[in-house]
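None of the figures in this text is laboratory data; all of them are computed from the coordinates on show. Since the model is a prediction, treat every value here as computed from it, not as a measurement. All Cβ positions, even for glycine, are placed from backbone atoms using ideal geometry, and neighbour counts span all protein chains on display.
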């Protein structure tokens, strides 16, 4: 065990440093939605917010979007912002949204751009649930269900 102690210590320090240098406790996000409206995450304080990162070419995202949209529609006290993390032309994203309408605004962030204070998604879809105090309550990597969202939000 003693010979593994330095390795374990190195792993623990690397883990701590990666979390200390990660995204802030209360991330910010300022974007312009595809319909031209400004969106500022900090102005949503006092409400639960779902930040969902997806792409038009992502099959898991396409499967997830209708359920997420229904969840937001069924909970008027919860808002959401969709982030099309996509290098596609905005007109193509708008056309995609005509076929797959959502009940919440969508902004585009190109894959080489930063996602505000949020960590760059390693996989999509990625969803962050932001508590009314502005803190990240939970991050989901992969498809998220209504039941999972309800468990975090406490409904």
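If R0 equals 30 Å, the separation of the Cβ atoms of residue 120 and residue 148 corresponds to a calculated FRET efficiency of about 0.85.
Within the listed set 35, 87, 117, the residue fluctuating most in the Gaussian network model of the chain (springs between alpha-carbon atoms under 10 angstrom) is 35.
A simple spin-label model places the labels of residue 62 and residue 110 2.5 nm from each other, with each point 7 Å out along Cα-to-Cβ.
Could you compute the FRET efficiency for residue 30 and residue 88, with r as their C-beta to C-beta distance and R0 at 22 Å, rounded to 0.05? Efficiency at R0 = 22 Å is approximately 0.55.
So for 126, 56, 33, fewest C-beta neighbours within 10 Å to most, what's the order?
33, 56, 126
With q set to 0.11, 0.16 Å⁻¹, the log10 of I(q)/I(0) for the range 70-154, from the Debye formula over equal scatterers at the Cα positions, is -0.33, -0.72.
Look at (i) -0.61, -1.32; (ii) -0.52, -1.34; (iii) -0.83, -1.18: the one that is log10 I(q)/I(0) by the Debye sum over Cα atoms at q = 0.13, 0.20 Å⁻¹ derived from this structure is (i). Rounded to 0.05, the FRET efficiency of the residue 141 and residue 73 pair, given R0 = 25 Å and the Cβ-Cβ distance, is 0.55.
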